[in-house]
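What follows is a short report on a single structure.
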Amino acid sequence: MNIRLKTLLLALAAVLISLPIFANPKDPHTSNWPYDFKADGFYFNKINNTQNVAINGIYSKPEHLIVPSTVEYEGVTYTVTELNKFCLATACGPGYFDHTTYAYNYDTKKITIPETVTSIDGLGFSGIINVTEIDFPESLISFYYYNSNDYPGHSPMGPFMDCRALKEVTLPKNLKVLGGSLFEGCTSVETVNVLAPITYISGSVFSDCPNLKTINFSDLSHLRTIGGCAFKGCNATILEHFEFPASLKTIGEEAFRETPIKEVVLPAGLTEVGMGAFSFCPELTSVTIGEGPKVFSCTFMHCPKLAEVKLPESTTQLQFTFFNCPQLSEINLPGNITKIGTQPFGMTKISSIQIPSSVQQMAYDALANCAALTSIDFLDSPNVITFFNDDENKYYIDENFLLKSWQLSGSPNVQQIYVGRSLKNYSFSGFRKTLKNLTFGPEVKYIYDSQFADLSLITTISIPGKVETIGKNAFRGCTGLTNLSLSSSLTEIGENAFEGNPNLAKVSVPDKVETIGANAFKGCTGLTNLYLGASLKQIGNNAFEDDRNLAIIESANPTPPDIFSETFLRVDKYSCEVYVPVGNAERYRYADYWNAFRTFKEKDYSGISDTVADGTAVRLEGGRIVLIGGDTRVTVYTADGRLVADRRLSSGESLELPSRGLYIVTAAGRSFQICY
């Protein structure tokens, strides 16, 4: 090695060796903790160049450890005001921060703290294994709390962590805030006395204290916050009938999880109830929540005795809220809910549910795993509900309840559904084996692709008047369908929309429809009568394939709609009669692919005037049926047999038709068709 370089390195090493070995005071992951001086068995740190000091460690461990109020050092008297982390458990030097490796204090059984101390670090007593008694000064106002952000990779840690012999603690009257993880993991503590009027209970204060039976609060009337996991896993008897004060504003995540609470009555003015706040509570039977909270996520899941619930009108979101509450049989959803996430009612006994008109979003599996559910009402609204995939929130379900299928088949007994609004990205096919009654409300505007496919038990479908488009496969495979009434506003019927419905006998396509998609009525083998509206321009290929019993086709458009070579594949074109507007039989007879039919008959579709008896006649005038002369009863039916009007008319009186289409009019014992 170069002689000059070697000399330089040796000199540098000598300088480094001469430096004091102190760890960075801001880095707890060290083998040496810094201190300014030591005296009387303690290590001390000066606080901001004042005459106040903090105890940072000990080098003696007496059975009765008395913390001094003052200490003399180099002629200066310092006042002890703080206790730092692990300071009474381990010497300031040998231990690591990780509580699994620092040096435990097995010798100290009693600790006395002077009135000068106002603050104790969040780990102040941690690791004093056999301490049974701690005398706190009234001067104490705070415990500092360490959480996982302070030391990544570690769980939150409280001041009494690993105090395994401690059974009773009395906190001083000026300690108004219970710091985070204060008693977390104190497996032996049985009684805690809180003398101060508490305003804030931090996270995990009494979490995982299985033997804690008594918590004596002197005053909770000013309590504003209960932190996350505050009482999680705690069996204290006070929790059975915990009184939530009117001052309370926030309840954190899992705050009362796995506690013996029996009834929850939350005050008005509460703004937040955290995820899983009352989950896994085996004795909880009743819940009443005052106005304020908006979101309830996993709040009461896995509460086996919960039977009564009253949600506030302020509620806007639900998700896993009552999952696996098997005794819950009834729920009234408030009118301000906008979002229903994954399975808020899964594995309950709820038999019927009304989805409020305020709802804008629902998870695909919002109604899954409701085995008792028989009736669903989507209440009337002009707004669309958009369904979404809520997979990212399923992690919270306990592993024992993770289900392989989250589809609607998990609600196998639904028999009745009222659809009062449009439902986007949603299919009802999961109810195919049970759904018998499907009713649409007047506000529905859209029938989306495959939405009602394979509902084999449905017999009647009436599409409401605002629907303009029926999507692809919308009612494909509804094999029990016998009655179909289409919207007068309809302009398009999608591909395969009614394919494979063999019991459908009559179809009247409204006059505003311009296109019928390919395969739209393919395989409707029971179809005998077909009316095609006056605006129809195109019928897709195979639209009526295999409709072998089709006997009458009425096409009200003077111009033959465009069809394809297989539009009417395997329809008997020799026996099937085609009715067309007066004067247009030849146009149809020579039109491409219409010319395969052999029988064309002309009919007046512009209106009708017919003598019914002794000079009495009816006439169509601008959407009204007018009686001319006489006095008789007039009934009007749609082409699919739905009664529109039934009145006795005198000469000059009229009936208004609800929309354009084909109608059957009966007067004075005679019946005839009228197209408006």
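Structure notes:
- Tensor-based shape of the range 165-307 (alpha-carbon gyration tensor, a/c under 1.5 rounded, otherwise prolate or oblate): oblate
- Residue list for the range 228-247, given a label point 7 angstrom along the Cα-to-Cβ vector of VAL265 and an amide N cut-off under 16 Å: 239-247
- For the range 310-367, trypsin sites (Lys or Arg not before Pro) meeting the loop criterion (DSSP other than H, G, I, E, B) and having at most 16 other Cβ atoms within 10 Å: LYS349.
- Residue order for MET347, MET161, MET362 - accessible surface, 1.4 angstrom probe, largest first: MET347, MET161, MET362
- Above-threshold pairs, the threshold being 32 Å between Cα atoms, out of LYS339/LYS522; LYS436/LYS522; LYS305/LYS445: LYS339/LYS522; LYS305/LYS445
- Annotation: amide H of SER485 within the under-5 Å range of ILE461, SER462, ILE463, sequence separation 5 or more or interchain, hydrogens built in the peptide plane.
- Taking every DSSP helix (H) stretch of at least 4 residues in the chain, weighting each as -39,500 (n - 2.57) and dividing the sum by the residue count yields a mean residue ellipticity at 222 nm of -1000 deg cm²/dmol.
- In terms of accessible area, using a 1.4 Å probe and ignoring ligands and nucleic acids, ILE552, ILE355 rank largest first as ILE552, ILE355.
- Helix 3-18 axis versus longest C-alpha principal axis of the chain: approximately 80°, rounded to the nearest ten.
- Our coupling estimate for the range 67-82, obtained by passing each phi through the Karplus curve with A = 6.51, B = -1.76, C = 1.60 and θ = phi - 60°, is 6, x, 8, 9, 8, 9, 8, 6, x, 10, 9, 10, 9, 7, 10, 9 Hz, Gly and Pro reported as x.
- What the phi angles of the range 482-494 give under the Karplus curve with 6.51, -1.76 and 1.60, with θ = phi - 60°, is a coupling list of 10, 10, 10, 10, 9, 5, 5, 8, 4, 10, 8, 10, x Hz, glycine and proline written as x.
- Filter on LYS232/LYS349; LYS249/LYS424; LYS424/LYS603; LYS61/LYS167 - keep pairs with C-alpha separation over 30 Å: LYS249/LYS424; LYS424/LYS603
- Taking a ≥ b ≥ c as the square roots of the eigenvalues of the Cα gyration tensor, the range 435-509 is classed as rounded, since a/c falls below 1.5.
- For the chain: rounded, prolate or oblate by the Cα gyration tensor [a/c cutoff 1.5]: prolate
- Accessible area in square angstrom per residue, the chain, 1.4 angstrom probe: 43
- When the charge dipole of the range 220-312 is built from unit charges on Cβ atoms (+1 for Lys and Arg, -1 for Asp and Glu) and taken about the Cα centre, the candidate among LEU284, LEU223, LEU306 whose Cα reaches farthest toward its positive end is LEU223.
- Between amide H atoms placed 1.01 Å from N, distances below 5 Å from VAL634 occur with ARG647, ARG648, LEU649, all of them 5 or more places distant or on a separate chain.
- Dipole check for the range 155-209: with +1 at the C-beta of Lys and Arg, -1 at the C-beta of Asp and Glu, and the Cα centre as origin, the magnitude is about 220 Debye.
- Rounded to the nearest 20 debye, the dipole size of the chain about its Cα centre is 1220 debye, using +1 on the Cβ of Lys and Arg and -1 on the Cβ of Asp and Glu.
- Amide H within-cut-off set for VAL309, under 5 Å, with H built and near neighbours excluded: VAL287
- Using a probe of 1.4 Å, the accessible surface attributed to SER352 totals some 60 Å² when neighbouring protein chains are kept in position.
- On the chain, 48 percent of the accessible area sits on carbon and sulfur atoms, based on a 1.4 Å probe.
- About its Cα centre, the range 530-592 has a charge dipole of approximately 140 debye under the convention of +1 per Lys or Arg Cβ and -1 per Asp or Glu Cβ, with nothing else charged.
The values are calculated or read from the model by the stated rules, or taken from the named source; none is laboratory data. Computed from a predicted structure; not experimentally measured. Heads up, the Cβs are rebuilt from the backbone with ideal geometry, glycines too, and the neighbour counts pull from every protein chain shown. Just so you know, the surface numbers come from the protein's heavy atoms only, side chains and all, with ligands and any DNA or RNA stripped out. Shrake-Rupley method; radii C 1.70, N 1.55, O 1.52, S 1.80 Å.
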